[in-house]
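Working notes, beginning with the structure itself.
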Amino acid sequence: MTRISRRRALALGGAGIAAVIAGAAGWVATDGPTARAGGQVPGGSTDEELARPAELVGRDGRLDVELVAAAGVRIAGRETRALGFNGSSPGPTLRVRPGDELAVRMTNHLDQPTNLHTHGLRVSPQGDGDNPFVRIEPGASFDYRFRVPAHHPPGTQWYHPHHHGMVADQLFGGLAGALLVDGGPALPVADDRVLLVTDITLDPDGSVAAVGAMDRMQGREGDLVLVNGQHRPVVPATAGHAQRWRIVNACTSRVFMLRVEGHPLARIAQDGTFLPAPVTDGQAVLAPGNRMDVVVSPVVAGRFRLILDPVDRGNGMMAGSRSGEPVTLATLVVDGPAASAPALPATLPAEPAVAPATARRSTTFQMGMGGPMGGGGQARMTIDGRPFDPDRDDQVVAAGTVEEWTVLNSGPLAHPFHLHIWPFTVVAASDGRPTTGVPQDVVLVPAGGWVRVRIAFTTHTGRSVYHCHILDHEDAGMMATVVVR
Ligand code: C2O
Ligand code: CU
Ligand code: CU
């Protein structure tokens, strides 16, 4: 009932809005010192339980779904003009199995073109597959068919729009959802949850805030950090019962490290494939686009915050990490008598190492200024000196080969390198970070540094893209094509 009246009040417009919003109980709090004046009303934790997005589950080898992208979803406990799929942000969780066909009728009820990308699915990029060159006009639909290979690893993937020039606005607006490939070993966990993290800035009238040139250059970070569309919800747990959390960094630009007070997290998978064994070294950095599956094992009753620690994603004055302070994402609320959780398996079904490379190439992400610094000048975002051109073939690869790519970053901000369809294994990085030996699909290339990756172009042929997953950079041109034939 309050939902309807609030929605009506929003529709009425005018001076009534601020009063109605201010009167809504416990909804929006600021997340950092940089929150926009007038955009928030101070509030606390709502103690709302972490929502489970609706699940659409495949049967008999297929999953047929309809996704409608449109404005008007509930965010952080209020009705807004933010964007969602089928009326919610995040959209439904799609669950398939290796060998399934996922058929998606995507309908565009936005006022601009869009399309759909299944980030992490190793499927064909051609035709009605995971084709980033598809353009769905407002009011139109497109029928996608994603054929998940029978040998696809089980894990946590996600989906979001990918229409060049509008990706950041549409993701920041709320268009994202989880896509799980089921299977894998039975783990001793009592619960299995998606934690899809987004950030957004809302104006007092509930519309998504406009983003300025400086934010687009650095990569925008929203004032509100949400998990499953909620602000600081509660994750209930029982001592002695472990939980698997599938964390998706669906933020447009934010890089974070997740920790839980008093609880070492056991990482079991990254970017949708298992690690060789659980790792509890505390290094859980997620760049935009990354996923990480962790097991948390509560042992005593209490309240423990899930904290996103900021990661400096630049150097010097260009450090774009405006969230200079840790952000509370949610609270783990544990009850029951003290008990320890069952041990995790000592080994996990990681994929075998990729064969050595037989070809090498390098590619450089560049960010330059086309005008005076901070004076409204347009940043120039390029790969190998050229802004994205969907009609140009940038990298032509012989199907079936394994290549080693050195991705260089000449600039003052870290850029998350992302390649569609063909995951890669990190071989080395200029900052000397440890490598995992298993595939991933987003890796942070340090400011002024490089990352070397090994890519097996053995699964699919076709034409797709690689780009910076700071989606403001991608929209501004930091994307290139790759053709495998
Ligand atoms: Cu998650 Cu090309 O994108
Ligand atoms: Cu992708
Ligand atoms: Cu970038």
Problem - Top-ranked residue of region 302-339 - restricted to ones that are at pLDDT below 95 and of a type in the set (S, T, N, Q), ranked as farthest from residue 260 (Cα to Cα) - result: 315
Exercise for the section: Scan (1) closer than 22 Å to residue 286 by Cβ; (2) part of a strand (DSSP E or B); (3) more than 15 Å from ligand 2 (Cβ to nearest atom) for the single condition residue 184 breaks and write down its number. Expected result: (2)
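One line per residue, one yes/no per condition, for (1) on the phi < 0 side of the Ramachandran plot; (2) open to solvent by 10 Å² or more (accessible area, probe 1.4 Å):
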| residue | (1), (2) |
| --- | --- |
| 434 | yes, yes |
| 443 | yes, no |
| 451 | yes, no |
| 455 | yes, no |
| 477 | no, no |
Completion exercise
Going through (1) out of contact with any strand residue (DSSP E or B) (no Cβ under 7 Å at 6 or more places or on another chain); (2) touching a residue at least 40 places away in the same chain (Cβ under 8 Å) one by one, residue 212 fails only at (2)
Exercise for the section: Specify which of the listed residues (135, 59, 145, 78) is crowded, with 17+ Cβ neighbours inside 10 Å and not assigned by TED's automatic domain parsing to the domain that holds residue 201. Expected result: 78
Practice task
Taking only region 384-432 into account, find how many residues are of a type in the set (A, V, I, L, M) and either buried (at least 21 other Cβ atoms within 10 Å of the Cβ) or within 24 Å of residue 285 (Cβ to Cβ) (or both).
Solution key: 10
Handout entry: Of residues in region 458-475 being surrounded by 22 or more Cβ atoms within 10 Å (Cβ to Cβ) and in a loop (DSSP other than H, G, I, E, B), the one nearest to ligand 3 (Cβ to nearest atom)
Key = 470
Handout entry: Verdict on residue 268 being away from ligand 2 (no atom under 15 Å from the Cβ), under 11 Å from the mean Cα position of the chain (by Cα), within 22 Å of residue 184 (Cα to Cα) and open to solvent by less than 10 Å² (accessible area, probe 1.4 Å)
Key = no
Exercise for the section: For region 122-129, indicate whether the set of residues that are farther than 23 Å from residue 251 by Cα, touching a residue at least 24 places away in the same chain (Cβ under 8 Å) and surrounded by fewer than 20 Cβ atoms within 10 Å (Cβ to Cβ) is non-empty. Expected result: yes
Completion exercise
Those residues of region 149-190 that are within 15 Å of residue 117 (Cβ to Cβ) and open to solvent by less than 30 Å² (accessible area, probe 1.4 Å) come to a total of 16
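The values are calculated or read from the model by the stated rules, or taken from the named source; none is laboratory data. Everything numeric here is computed off the predicted structure, so don't read it as measured data. So basically every Cβ, Gly included, is an ideal-geometry build from the backbone, and we count neighbours across all protein chains shown. Side chains are part of the model used for accessible areas, which takes the heavy atoms of the whole protein and leaves out ligands, DNA and RNA. Shrake-Rupley method; radii C 1.70, N 1.55, O 1.52, S 1.80 Å.
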